[in-house]
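Right, one structure below, let's go through it.
Nothing in this text is a laboratory measurement; each read-out follows from the coordinates by a stated rule. Everything numeric in this text was worked out from a predicted model, so none of it was measured. Backbone-built Cβ (ideal geometry, glycine too); neighbour counts: all protein chains shown.
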Amino acid sequence: MSPSSEFAQREWKPVIVHMLRFAFKEGTTEEQKARVLTLMRRTASVESVSFGTVGQALGDPADGFTHAYCVGIEDLPALERYMYDPVHLAGDLEIIPHLARIAVGPDLSDDMDPALAGRLMAMHEEKAARHPEWAARIGPLVTFA
């Protein structure tokens, strides 16, 4: 079977791809960086994540981002589970103090629903409302692409 016919026979499911680029605070030790990356990999491995990767950012170094985080999530119910997973929430509390800045996105999806971006932002705002201490810590670091 040719690769193209094998691909055509697979069941195709839309995915939401969530991407972060980030930089560590000045003075963060290599040991602390390794711990942050380990925690991020743990978060990227929770049951609601279809695939994930954490590592070096391959963009323009002038942008100031050294690392990146990317997860694929099947649908909005899985995204909600991901956002509130205890592993994710606990990891963020340890991760955030070591980051200088975070760029969210651009997120993407092969789900062509024109309202999807608005739903994603509403979910983020709901999490911020439910976890104001998290929002206060992460808010000053974040820009949205």
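To keep it simple, each residue is scored yes or no on (1) out of contact with any Lys or Arg (no Cβ under 8 Å at 6 or more places or on another chain); (2) touching a residue at least 60 places away in the same chain (Cβ under 8 Å); (3) under 30 Å from Glu26 (Cα atoms).
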residue	(1), (2), (3)
Tyr84	no, no, yes
Glu94	no, no, yes
Leu99	no, yes, yes
Ile102	no, yes, yes
Pro106	yes, yes, yes
Arg119	yes, no, no
Glu125	yes, no, yes
Arg130	yes, no, no
Pro140	yes, no, yes
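Considering region 101-121 alone, what residues qualify as being within 19 Å of Asp75 (Cβ to Cβ), among the small types (Gly, Ala, Ser) and surrounded by 11 or more Cβ atoms within 10 Å (Cβ to Cβ)? Matches in region 101-121: Gly105, Ser109, Ala117. Consider region 31-78 and keep the residues that are assigned to a loop (DSSP other than H, G, I, E, B) and among the hydrophobic types (A, V, I, L, M, F, W, C). The one that is surrounded by the fewest Cβ atoms within 10 Å (Cβ to Cβ) is Leu58.
Hey, could you check region 79-100 for residues that are more than 14 Å from the chain's Cα centre (by Cα) and under 20 Å from Glu126 (Cα atoms) and say which is surrounded by the fewest Cβ atoms within 10 Å (Cβ to Cβ)? If we take residues in region 79-100 being more than 14 Å from the chain's Cα centre (by Cα) and under 20 Å from Glu126 (Cα atoms), then Pro86 is surrounded by the fewest Cβ atoms within 10 Å (Cβ to Cβ).
For region 129-145, the tally of residues that are surrounded by 14 or more Cβ atoms within 10 Å (Cβ to Cβ), among the aliphatic types (A, V, I, L, M) and farther than 19 Å from Met19 by Cβ stands at 1. Being in contact with a Leu (Cβ under 7 Å, 6 or more places away or on another chain), under 18 Å from Val15 (Cβ atoms), in a helix (DSSP H, G or I) and not aliphatic (A, V, I, L, M) is a description that applies to Arg119.
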